Structure formats: structure tokens, C-alpha cells
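Enquirer: Here you go, one structure.
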Amino acid sequence: MIAYIKKDDKQNLKEIIPSEQDLLKITCPKCNCVGRFYLHGFYTRFLYVAILVVNSFLKDKISVRVLRLKCRNCNKTHAVLHHDIIPYNRYSLSFITEVLASFFISKYKVSEICIEFEISEKLFYTFLDYYKKELPELKAYFKGKIQDEEEIFEEFILNITDFLIGFFLRTKRHFFHFKATNTFSKYSICHFHIIFFVSS
């Protein structure tokens, strides 16, 4: 998988097509060759996003065309994902952060958040669990200057693009990317071949 980030954050979530210049710079996650990719087709997936409408959020299900690139060197194909798309998760990173912002910043009750975003309480606590599992990374990023969970979350929101770029490059995984274990409501960090490409 290739997580594609543009620093100006104006890329289209519904479809990402890297420029020819970027294709020459992307490293293959499998064989580490640089610039050996060509376009190999698309597949469609659905994603839940939060849309702000008159001071409240609406849950919206959108269709995303995901580009696949193929490496000429090893013949492996890789999906190119917008950094807001968490691999194998139906909810976007921005959706999850809006849910958590309603809790940490706006101080809404869990029941109110679940009604607003049309999610179950179980899903809300899953999102909260994601955040708590990432707290050590967030504390390290802010170099221990902030310890309070709510303050850390506020700083994370203010610095999200810079944080994600550093996080991707340091850990080689996507933020909030977990897989379910055999025990219900238990999640473990998910690692696999992944490259994070930052386009200026």
C-alpha cells in the first residue's frame, strides 16, 4: 500500500492520481525500487465521512476510486490511498477525529455523539480505544510537554498533517490502523508493506 500525502492537503479524497513526476519518485514497498511504477487500474470502495452542515455533522457514505500501481521490477501491485483513508476501515480518519473532537473538545455526552454521527456506543468506544492505543506516540511527538489526554488531542488536531507525515515515516504504518483480535473489542497494531509518499 502507498499512502499518498500532499502537503497542501487539497487532493481529491474520491480519486488520487499521482503526477508523472511523483511516479518517478515513489518507492516500491515490496522490492524498494524507485520510479518503476505504471498505472494498473482502479477498484471502488466505500467510506464514511463527516460533512459539516449548519453547525452539525452528517454521516455520509462516499464512493472512492482507488488507483492501483504495478511495479515493473517485481510485478507487485499496490493501492494508492489518500492519507484520510485507513486501510480496511470503513470510517475515514477525519470522521473518527470529528467524533473524538465532539467528546474531548466540545464535551458532548457519548449518547449525543452517537446520535449526531449515527454510530453505536460500541463503535464510539472502539474509536476511543484507537486513540488510547496511540497516546504513547502522541506523547512522544509532543516530547512529554503535555500529559493530559484532552490537551494532547487538541494539539493533535492543530498539527494533524505534520504529525501524520512524521508518524507515517517513523512507524511505517497508518495512524489508527488496527486489526481485530480473537477477543471482542480488542485490537492490535497492524503492520504490513507500506510506503508513505509526501508530495510538495
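Every read-out reported here was derived from the displayed coordinates using simple, explicitly stated rules and does not represent laboratory data. Because the structure is predicted, anything quoted here is derived from the model rather than measured.
Enquirer: Enumerate the amide H contacts of residue 37 below 5 Å, restricted to partners 5 or more residues apart or on another chain; note that Pro and chain-start residues carry no placed amide H.
Expert: Those qualifying (amide H under 5 Å, at least 5 residues apart or on another chain) are 72.
Enquirer: Please list, ordered by chain and number, the residues whose modelled amide H lies under 5 Å from the amide H of residue 31; skip anything fewer than 5 residues away on the same chain.
Expert: Close amide H contacts, sequence-distant or interchain: none at all.
Enquirer: Once you've got the Cα coordinates, tell me which of 145/172; 109/132; 122/172; 25/61; 61/107 are over 30 Å apart. Numbers along the way, then the final one.
Expert: On the way: 145/172 24 Å; 109/132 18 Å; 122/172 28 Å; 25/61 33 Å; 61/107 26 Å.
Over 30 Å Cα-Cα: 25/61.
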